[in-house]
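Beneath this line is the structure, given in structure tokens, with notes to follow.
The values are calculated or read from the model by the stated rules, or taken from the named source; none is laboratory data. Given the structure is predicted, the values throughout are model-derived calculations rather than measurements. Here Cβ is always computed from backbone atoms with ideal geometry, including for glycine, and neighbour counts include all displayed protein chains.
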Amino acid sequence: MATSQATDYSIDQWDELVKQGQRLTKSETSAQFQLGDIALTLVPVAPDGKRPPMKAYKLLANYANEIGQDPERFEEYRNVSAAWPKNERNKQVCWTVHSILAPHPDRFTLIDEPPVDRRTRERHWTCDAARRVRGWKTDVPETTEEKLRAVEDLLDDEQEAAEAVERVMRRPAVVRRVAEKQQVRETFNRAQTERIREAHSTARQRPEIRRLDEEAEVYTVLGLCQSFARGIGKALPGLHLAELSDDAKESIREGLERVTAAVEWTEHVLQTGQTDMDEALQRLIAGET
């Protein structure tokens with residue numbers, strides 16, 4: 001025997017229950033619109049769009065309580081009835097769909113042009129279809145975007161989202177598809193680079209690492225000083241600087257001036273920690289002046 005999506009019912013039984021539900025829905029929709037029309041009779045919509053006075057809301061609330069209705073729900077009935085004049089309502093469409101579409105500027109056209117149901121391939125309005133028109137979250141996601149939104153809502157916790165991504169990335173086909181997206185690769189690379197930078201920064205705060213860094217920096221500067229001093233010490237005894245021409249001596253003095261500037265700048269960095277130099281000093285040390 002053929003069955004419906006509800007496994008305990010045959011197709012005929014299911015169809016009969018659907019028809020019964022549709023009849024009840026139409027009856028409920030009619031009652032909801034009738035209640036809204038009564039609310040409009042009690043407090044008509046102002047032509048200028050102004051809100052009713054407070055005593056009008058009190059009147060609606062008192063009436064709602066008298067008939068056993070929730071005042072806020074009764075006010076909603078009124079607003080929906082106001083948005084849907086009687087000649088614009090579609091008796092084949094439930095009140096909830098009318099309610100969802102009520103603020104839409106093209107509601108009168110939309111209500112008579114139902115979308116195609118993705119499951120039945122028939123044209124009719126559902127609450128989710130109306131929510132989809134409004135750009136709202138649907139109860140049963142169907143499109144890719146709706147499914148992704150639902151997943152994002154479920155995984156609002158960062159830790160859970162990370163674990164979900166990790167599990168999905170165990171699927172080779174998913175990994176290949178993700179790797180094809182340049183934006184994803186760039187985002188991952190930036191995150192990885194930042195993580196490495198943070199790890200290095202954290203490591204450098206450890207005492208043993210700081211000592212190693214300090215020693216390396218000292219050795220670097222001392223090595224440069226030693227190279228210059230050793231070079232001068234070896235070269236000068238064999239030179240005849242006093243016998244040089246004035247122009248030659250001036251050239252050497254310019255070189256010494258650059259060395260002096262470099263030494264003074266090094267002392268400045270030792271005292272202040274500031275390694276920037278002005279343009280003139282930069283040109284001088286580079287020998288561009």
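The criterion of at least 1 residues that are at pLDDT below 90 and loosely packed, with under 12 Cβ neighbours inside 10 Å is met, among helices (runs of 4 or more DSSP H) falling completely within the range 2-95, by 11-42, 54-66.
The condition of being loosely packed, with under 13 Cβ neighbours inside 10 Å and touching a Lys or Arg at 6+ places or on another chain (Cβ under 6 Å) holds for only one of Val184, Val116, Val175, that being Val116.
For the structure I just gave you, tell me whether Thr138 is under 37 Å from the mean Cα position of the chain (by Cα), in a helix (DSSP H, G or I) and of a type in the set (S, T, N, Q).
no
One line per residue, one yes/no per condition, for (1) closer than 30 Å to Val133 by Cβ; (2) in contact (Cβ under 8 Å) with a residue 24 or more places away in the chain; (3) part of a loop (DSSP other than H, G, I, E, B):
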| site | (1), (2), (3) |
| --- | --- |
| Asp153 | yes, no, no |
| Arg167 | no, no, no |
| Arg170 | no, no, yes |
| Ala173 | no, no, no |
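Starting from residues that are basic (Lys, Arg) and modelled with pLDDT under 80, keep the ones in the range 205-247 and report whichever is surrounded by the most Cβ atoms within 10 Å (Cβ to Cβ).
Step one: filter the range 205-247 for residues basic (Lys, Arg), giving 206, 210-211, 230, 234.
Among the residues that remain, those that are also modelled with pLDDT under 80 are: 206, 210-211.
Working: Arg206: 10, Arg210: 12, Arg211: 10.
Restricting to residues being basic (Lys, Arg) and modelled with pLDDT under 80, the top hit is Arg210.
Which pairs turn up if I take residues in the range 230-259 that are more than 22 Å from Ile285 (Cα to Cα) and look for partners that are among the β-branched types (Val, Ile, Thr) with beta carbon separation below 8 Å, at least 6 apart in sequence or on another chain? Close Cβ pairs satisfying both conditions: Leu241/Ile252; Leu244/Ile252. Applying a threshold of 9 Å to beta carbon distances and a minimum spacing of six or more residues, or different chains, the list of pairs starting in the range 8-26 at a residue that is more than 17 Å from Cys94 (Cα to Cα) and of a type outside the set (A, V, I, L, M, F, W, C) and ending at one that is at pLDDT 75 or above and assigned to a helix (DSSP H, G or I) reads Tyr9/Leu17. Among the residues of the range 107-132, those that are closer than 20 Å to Lys91 by Cβ, in a helix (DSSP H, G or I) and touching a residue at least 12 places away in the same chain (Cβ under 8 Å) comprise Arg107, Phe108, Leu110, Cys127, Ala129, Ala130. The conditions of being charged (D, E, K, R), part of a loop (DSSP other than H, G, I, E, B) and surrounded by fewer than 16 Cβ atoms within 10 Å (Cβ to Cβ) are not met by Arg149.
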